[in-house]
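S.K.: This structure is in C-alpha cells; I'll ask about it shortly.
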Amino acid sequence: GAVRHVETTRHHIGELLASGEARLGTIAQRLGLSERTLHRRLGDEGASFAGLLEEVRRERAQLLLEDRGLSCSEVAFLLGYTETAPFFRAFRRWTGTTPQVWRRNASA
C-alpha cells in the first residue's frame, strides 16, 4: 500500500513535540525525504505540515489538560512551546477559551 505521509508525519510530530524537534526538516530527515518532497507529498494528501502540527498539538493539549497533575505551563512545554503565552493564544484560537476554563469545564 501507499505510504500515508499524513499519518506518518502526525506520528512523528507526536513523538517529537516535547523535545521541541517537531519540525518539517527533522521529520523529513527521519523519513529519508527532502523537506520539499515531504511538503509536496503532504499537499498531495490535502494536508500541510503547519496544519498537522496544529492538529496534533490541539488534540494533545486537550488530553494533557485532563491530567490534573500537570500545570498549564507544563502542558505548554510538553507541546513544544518554550513559553506559555503562545500556547494560551493558540489554545484560545482552537477552542475559544483558556486552558484553565477548558480544564474546569472538562471536569464538570
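The values are calculated or read from the model by the stated rules, or taken from the named source; none is laboratory data. Since the structure is predicted, the reported quantities are computational estimates derived from the model, not experimental observations. When we count neighbours, we look across all protein chains shown, and the Cβ atoms used for this are built from the backbone with ideal geometry, even at glycine. What goes into the accessible areas is simple: the full protein's heavy atoms, side chains included, and nothing from ligands, DNA or RNA. Shrake-Rupley method; radii C 1.70, N 1.55, O 1.52, S 1.80 Å.
S.K.: Excluding ligands and nucleic acids, what accessible area in Å² is computed for residue 84 using a 1.4 Å probe, to the nearest 10?
M.R.: Looks like 60 Å² after rounding.
S.K.: Label points 7 Å out from Cα along the Cβ direction at residue 83 and residue 36: separation in nm?
M.R.: Once both label points are built, they end up 3.5 nm from each other.
S.K.: Right, here's the next one. Taking every pair of alpha-carbon atoms in the range 1-63, give the share separated by more than 18 Å as a whole percent. Each step should come with its number before you reach the end.
M.R.: Working: 524 of 1953 pairs.
Across the range 1-63, Cα pairs with separations above 18 Å total 27 percent.
S.K.: While we're looking at this one, here's another question. Can you tell me, using C-alpha contacts under 8 Å and at least 6 residues apart, the relative contact order of the chain as a whole percent? Working shown, then result.
M.R.: Working: 90 pairs, mean separation 26.4, N = 108.
After rounding, I find 24 percent.
S.K.: Rounded to the nearest 500, what is the chain's calculated 222 nm mean residue ellipticity when only DSSP H runs of at least 4 contribute -39500 (n - 2.57) each, over all residues? Don't skip to the end; give the middle numbers.
M.R.: Numbers: 7 runs with 74 residues, N = 108.
That comes out to -20500 deg cm²/dmol.
S.K.: Quick one: angle between helix 5-16 and the longest Cα principal axis of the chain, in degrees between 0 and 90, rounded to 10, please.
M.R.: Taking the Cα atoms of the chain, the angle to 5-16 is about 50 degrees.
S.K.: Same structure, new question: Of all the accessible heavy-atom surface of the chain, with the other protein chains kept in place and a 1.4 Å probe, what percent is carbon and sulfur?
M.R.: The nonpolar share, carbon plus sulfur, comes to 49 percent.
S.K.: At what distance in nm do the modelled label points of residue 7 and residue 23 sit from each other, each positioned 7 Å from its Cα along Cα→Cβ?
M.R.: For the pair residue 7/residue 23, the computed spacing is 2.9 nm.
S.K.: Whole percent per 10 Å bin, from 0 to the bin with the longest distance: what is P(r) over all C-alpha pairs of the chain?
M.R.: 15, 44, 27, 13, 1
S.K.: On average, how much accessible surface per residue is there in the range 1-69, in Å², for a 1.4 Å probe, leaving out ligands, DNA and RNA?
M.R.: With the other protein chains kept in place, the range 1-69 gives 59 Å² per residue.
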